Amino acid sequence: MIGAIHTPHVDWFSLSTILVLLGGSFLALLSAVLVPQSLRRTVSFLVAASATTGGLVTSIWLYVDSASGHRVVADAFYRDRWTALAQAILCATTLATALVGAEQIREHEPEFFALLLASAAGMTFFVGAANLMTMFLSLEWFSIALYVLCAIEYEKEGSLEAGLKYLVVGSFGSAALLFGSALVYGATSRIGFQEIAAAAGRHDLLLVLGLAMIVAGLSFKSSAAPFHMWTPDVYQGAPTTVTAFMSSATKVAAFALTVRILRTAFPQETHLWSWALAGIAVASLLIGNFAALVQRDVKRLLAYSSISHAGFILIGVASGTALGGRAVMYYLIPYSAMAFGSFAIVAARERELGEPVTMDNLAGFGWERPFLGVALWFFMFGFAGLPLGGGFVGKFYVLAAAYDHGWTWLVVVGVLATLVSLYYYLGVVRAIYMRGPALAVAGGSPPRDALTHVAVGAALVVSVASLFAVSPLITLAKHAASALPF
Amino acid sequence: MTTSSLTSVLVWLPVAAAIVIWILPLSRYAIGSLAVLVSLAEVGIWIEQAARFDFSKHGLQFSEDAPWIKDLHVSYHVGEYGFSLWLVGLTVVAMAACIGYGFWVGRDRPRAYFGLMLMLTGATVGVFVAQDLLLFYAFFEAMLVPLYVLIGVWGGAGRIGATVKLLIYTMAGSLLMLAAIIVYGLRVHTFDLVTGPVSASRWLFLGFMVAFAIKAPLFPFHGWLPDSYREAPPEVTAVLSGVIAKAGTYGMLRIALTQFPDPSSYYRTVVLALGAAALVYGSLLAFRAPDFRGVVAYSSMAQSGLITIGLFSGTNLGFDGAVLQMVAHGLVSTALFLVAGTIERRTTTGEFALLGGMAKGRPALATVLMTLGVISLAVPGSAAFAGEFLILAGAFQRAWWWAAIGAGAIVLAAMYMLRLISAVLHEARGPRVSDAALDLRPGELALVVPLVGVLLLLSAWPAGISHHSFANDDPTTAVTDQFR
């Protein structure tokens with residue numbers, strides 16, 4: 001007789017956000033075959049909107065209800081506030097993506113929503129991963145969904161190319177992560193993050209090599225230099241709605257897990273990875289900002305800007321302190337709102353023009369679409385760290401974390417990088433307000449884009465409100481970070 | 001509402017009005033009127049504050065303190081000292097005149113224009129009342145945001161280059177200041193200016209000082225000035241030179257000298273030399289400038305140098321004179337740039353070669369410009385004379401040669417102002433001056449005459465400011481005590 005398989009006790013509530021999103025994905029996919037053509041868009045959108053709203057509710061509930069963090073499901077998943085807060089941010093960005101996607105994605109809508117929700121479910125699982133296995137599985141889970149999302153407009157060459165490029169380079173990153181995990185397992189014969197920390201010997205070369213490869217693999221996902229090569233091409237080629245999702249949600253997931261694994265599994269190697277990450281941060285700041293200076297395509301420009309922001313966030317990660325941890329969590333809130341919002345605006349412009357948005361055909365946009373123009377103005381100044389939004393406080397926080405760690409030089413690097421970045425962010429504002437329209441928009445009034453306006457408005461509110469309501473948000477981030485062993 | 005919230009009202013009322021203008025679908029006329037009304041309300045609130053201000057009391061007045069970023073001890077702390085009261089007064093009066101000018105000339109895209117002007121008002125008042133370093137920095141930067149768009153959209157032909165220069169220059173300085181703020185604040189565990197201890201770090205002092213020297217501007221940091229002052233719309237240039245440049249010198253007084261006493265005295269000679277260089281070089285450039293705005297722009301730089309000399313002389317007379325001169329010069333240059341705007345509207349140019357003979361048949365213009373010119377060149381009895389005299393007397397107490405350089409530069413001031421007056425008002429009639437060019441209209445007079453009136457009032461009673469800027473009229477002690 002085959003012995004009974006001992007299934008672990010499952011704390012279903014701790015997985016509720018993931019399950020809600022996954023259920024939504026399933027329903028959205030079903031609607032592709034069961035719902036008549038004319039209703040598919042509406043039904044699948046409603047499914048996506050309600051699933052993400054549900055996920056938002058459950059993750060907030062989990063946040064409230066998980067004051068003492070612990071592992072669940074055979075120690076494979078963390079139920080704590082770090083997970084819950086990251087999940088809440090992820091659900092909010094997914095909801096916003098669904099709003100924009102409902103208008104900007106013109107074909108394969110049920111498939112789009114299904115993949116979007118599947119990817120979001122993978123990310124919400126990823127941020128709570130508690131061992132190498134769940135980490136890798138959930139990474140693949142959301143990545144595969146993203147590969148397909150990038151190529152969803154497969155009639156367009158750029159979209160297909162983006163999907164393929166992301167698949168190839170992303171697989172390389174996944175492979176690095178997997179190989180690193182194997183090395184770490186070889187060194188410690190443990191897969192749980194906490195167990196690795198307990199079992200790790202000092203100066204174990206195998207472990208250090210594994211750590212380096214894990215850092216590299218995660219840096220591919222957060223598009224930090226020098227692991228960023230795919231970012232501009234994929235961001236440019238993918239449907240802009242998908243780009244908006246990737247630039248906000250993927251970064252949130254990647255950084256939330258990076259902080260977690262480094263602090264939980266490799267506390268003894270802090271001196272190594274903090275220097276390594278500081279190096280990666282500096283490289284990202286340099287490459288992101290200087291390459292952005294010469295971009296004419298707005299999506300590429302924003303892609304390089306996202307690389308430079310990865311650098312800023314990494315400053316907070318590298319500091320390895322509790323201050324750095326909550327700096328990262330805080331930074332991600334206004335950053336994801338601004339990144340999402342600016343790509344959503346580009347999506348609206350793209351739909352209006354029917355061609356890629358460049359600095360030239362952005363001319364006059366601010367006067368033609370006043371609300372979107374003002375929002376883009378706020379996002380650009382917010383990215384540049386001018387005090388119009390939480391981006392300012394975020395930068396202040398990560399730089400404060402760097403100084404707190406004793407890295408005054410990194411503060412100076414961050415400040416100089418901000419100065420360089422100013423030039424291209426101002427370039428966008430200049431394009432939308434200060435240049436006359438270079439070409440007439442092809443006939444008729446622009447699409448109404450009501451849902452896109454709602455999503456952009458929400459992003460604007462989040463980015464501005466995070467400047468004023470710093471203390472409440474920091475308190476949230478502080479409670480989240482207290483779940484990690486700082 | 002208690003009186004202490006008046007300061008916050010001064011900061012946020014214009015911002016709220018800007019949001020109302022952006023959201024409500026008002027007519028062009030309603031938007032302009034609303035903006036002017038709000039800017040006048042600001043003046044009214046300020047008068048209320050000035051009337052309630054207790055000039056004999058030590059410490060902050062009308063102060064409000066609320067946590068902003070608790071975690072790192074950053075707070076929303078605003079309040080006023082005697083000298084900040086005068087600078088806030090300068091801001092609201094100058095902004096009211098400039099917003100009125102924008103209304104009078106009927107700027108196109110009024111929603112954006114008036115909203116941004118109001119936003120600029122709030123941010124500038126915020127700079128002068130912020131008592132927390134990060135809050136100060138936030139307002140200091142927030143001034144740039146509306147300025148960038150105001151110059152870039154409503155400016156002249158070379159506006160794009162001007163905005164880039166302005167932003168890159170000033171941000172270079174202020175980002176170094178941000179680094180200094182982070183280091184200072186985390187080192188002493190507070191960002192509060194009132195309770196924060198003094199620091200002896202020369203690096204931090206330099207981080208702040210470079211930002212202020214660029215904003216003022218002092219001699220080697222003035223690269224942004226000519227383009228911005230020439231390309232901005234005249235009323236924005238007026239704000240820029242009259243009010244925003246004063247944020248630089250205000251920062252020197254409130255932060256550099258107060259929180260960094262040792263580095264200040266260590267670098268005293270360097271800063272005095274830079275101030276003297278700005279004074280002499282600015283005056284020479286003003287004398288050579290071929291156009292109205294160029295003269296006033298470079299004279300602003302010279303005046304910033306003079307104010308810096310007053311502040312860094314570190315004497316009672318120098319401090320008193322510097323505060324008086326900040327206000328007096330702020331009013332003069334605001335009024336002069338507005339007059340420059342009215343002249344450009346009539347002749348489409350500010351070039352002296354194309355102007356001349358405008359006094360004939362235009363008595364109001366001639367009187368206003370003459371009065372402003374005479375005050376600006378510091379004729380004895382004028383407010384500017386009182387300010388410059390106090391500064392020079394203070395500088396003399398430090399060392400005689402600073403006063404000698406200053407006195408020499410004041411002769412240059414007479415030369416460039418008289419050159420301006422004669423080139424515009426007298427001499428042969430310029431090719432661009434047609435008979436149809438009208439005298440100042442009542443609307444324009446309503447904007448400029450109040451400024452001239454305030455200046456005449458200050459000329460009659462300069463002690464109103466110079467004796468009411470620091471507690472017990474003892475500036476050096478107040479600075480040493482960090483105004484507590």
Seminar exercise, completed: Counting other chain Cβ atoms within 10 Å of each Cβ in B:398-410 and taking the mean gives 0
For this session: Report ³J(HN,Hα) in whole Hz for each residue of region A:26-42, in order, from the Karplus equation J = 6.51 cos²θ - 1.76 cosθ + 1.60 where θ = phi - 60°; Gly and Pro get x.
Result: 4, 5, 4, 5, 4, 5, 5, 10, 9, 9, x, 3, 5, 9, 4, 4, 4
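If we sort B:51-59, A:195-203, A:176-184, B:30-38 on the protection proxy, mean other Cβ atoms within 10 Å, highest first, what's the order?
Values: B:51-59: 12.1, A:195-203: 14.9, A:176-184: 20.9, B:30-38: 19.0.
Final packing ranking: A:176-184, B:30-38, A:195-203, B:51-59.
If you build the convex hull over the alpha carbons only and average its shadow over all orientations, what do you get for chain B? Give it in nm² to one decimal.
Values: hull surface 81.3 nm².
The orientation-averaged projected area of the Cα hull of chain B comes to 20.3 nm².
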Seminar exercise, completed: Rounded to one decimal in nm, the spacing of the 7 Å Cα→Cβ label points at residue B:48 and residue A:409 is 5.5 nm
Exercise. Suppose R0 equals 45 Å; then what is the FRET efficiency for residue B:422 and residue B:20 from their Cβ-Cβ distance, rounded to the nearest 0.05?
Worked result: 0.45
Problem set entry | Per-selection Rg to Rh, region B:295-426 - Cα, Kirkwood hydrodynamic radius | 1.03
Exercise. What does the charge count near residue B:64 come to, summing +1 for each Lys or Arg and -1 for each Asp or Glu among other residues with Cβ under 14 Å from its Cβ?
Worked result: -4
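Residue by residue through B:176-185, how many Cβ atoms from other chains fall within 10 Å of the Cβ on average? Walk me through the numbers on the way to the answer.
Numbers: counts 4, 1, 9, 9, 2, 3, 13, 6, 0, 3.
Mean shielding by partner chains, rounded to a whole number: 5.
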Problem set entry | Other-chain or far-sequence residues with amide H under 5 Å of residue A:320's (modelled H) | none
For this session: For residue B:215, list the aspartates and glutamates whose Cα falls under 15 Å from its own Cα; do not include residues on the same chain fewer than 8 positions away.
Result: B:141, B:227
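Please report Rg over Rh for the protein assembly as shown, where both radii come from the alpha carbon positions and Rh follows the Kirkwood definition.
Numbers: Rg = 30.3 Å, Rh = 29.6 Å.
Taking Rh as the inverse mean 1/r over Cα pairs, Rg/Rh reads 1.02.
Using the Cα gyration tensor of region B:133-259, with a ≥ b ≥ c the square roots of its eigenvalues, what is the shape: rounded (a/c below 1.5), prolate (a/b larger than b/c) or oblate (neither)? Spell out each step's value before the answer.
Numbers: a/c = 2.42, a/b = 2.26, b/c = 1.07.
Judged from the Cα gyration tensor, region B:133-259 comes out prolate (a/c at least 1.5, a/b above b/c).
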For this session: Return the distance in nm (one decimal) between the two label points of a simple spin-label model at residue A:5 and residue A:367, each offset 7 Å from Cα along Cα→Cβ.
Result: 6.7 nm
For this session: Sort out for me the Cα centre separation of region A:23-74 from region B:400-427, rounded to whole Å.
Result: 75 Å
Exercise. Can you give the Kirkwood hydrodynamic radius of region A:12-481 from its Cα pairs, in Å with one decimal?
Worked result: 21.9 Å
Exercise. Hey, got the average number of other protein chain Cβ atoms within 10 angstrom for residues in A:379-385?
Worked result: 2
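Assuming a ≥ b ≥ c are the square roots of the Cα gyration tensor eigenvalues, decide whether region B:217-299 counts as rounded (a/c under 1.5), prolate (otherwise, with a/b larger than b/c) or oblate. List each step's numbers first, then the result.
Details: a/c = 3.41, a/b = 1.67, b/c = 2.04.
It comes out oblate by the Cα gyration axes.
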Problem set entry | Euclidean distance between Cα centres, region B:446-482 to region A:77-113, Å | 59 Å
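Does region B:1-266 classify as rounded, prolate or oblate by the C-alpha gyration tensor (a ≥ b ≥ c root eigenvalues; a/c under 1.5 gives rounded; else a/b over b/c gives prolate, otherwise oblate)? Mind showing how you got there, number by number?
Values: a/c = 1.95, a/b = 1.28, b/c = 1.53.
Because a/c hits 1.5 or more and a/b fails to exceed b/c, region B:1-266 counts as oblate.
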Exercise. Given Cα pairs under 8 Å that are at least 6 residues apart, what percent is the relative contact order of region A:1-115?
Worked result: 35 percent
Exercise. Quick one: Karplus J couplings for region A:43-59, per residue in order, coefficients 6.51, -1.76, 1.60, θ = phi - 60°, nearest Hz, x for Gly and Pro?
Worked result: 5, 5, 5, 4, 4, 4, 5, 6, 5, 5, 4, x, x, 4, 5, 5, 5
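If each DSSP helix of 4+ residues adds -39,500 (n - 2.57) and the sum is divided by the residues in the protein assembly as shown, what number results at 222 nm, nearest 500 deg cm²/dmol? Please list the in-between numbers first.
Working: 41 runs with 701 residues, N = 970.
That comes out to -24500 deg cm²/dmol.
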Exercise. Residue by residue through region A:288-298, which ³J(HN,Hα) values in whole Hz follow from phi under the Karplus form 6.51 cos²θ - 1.76 cosθ + 1.60 (θ = phi - 60°), with glycine and proline marked x?
Worked result: x, 6, 6, 5, 5, 4, 9, 6, 9, 7, 5
Problem set entry | Alpha-carbon centroids, region B:22-55 and region B:121-175: separation in whole Å | 21 Å
Exercise. If Lys and Arg each add +1 and Asp and Glu each add -1, what is the summed charge of the other residues whose beta carbon sits under 14 Å from the beta carbon of residue B:10?
Worked result: -3
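Throughout, read-outs are computed from the coordinates displayed, never taken from laboratory work. Source: prediction; values computed, not measured. Neighbour counts are summed over all protein chains in view; Cβ atoms, including those assigned to glycine, are modelled from backbone coordinates with ideal geometry.
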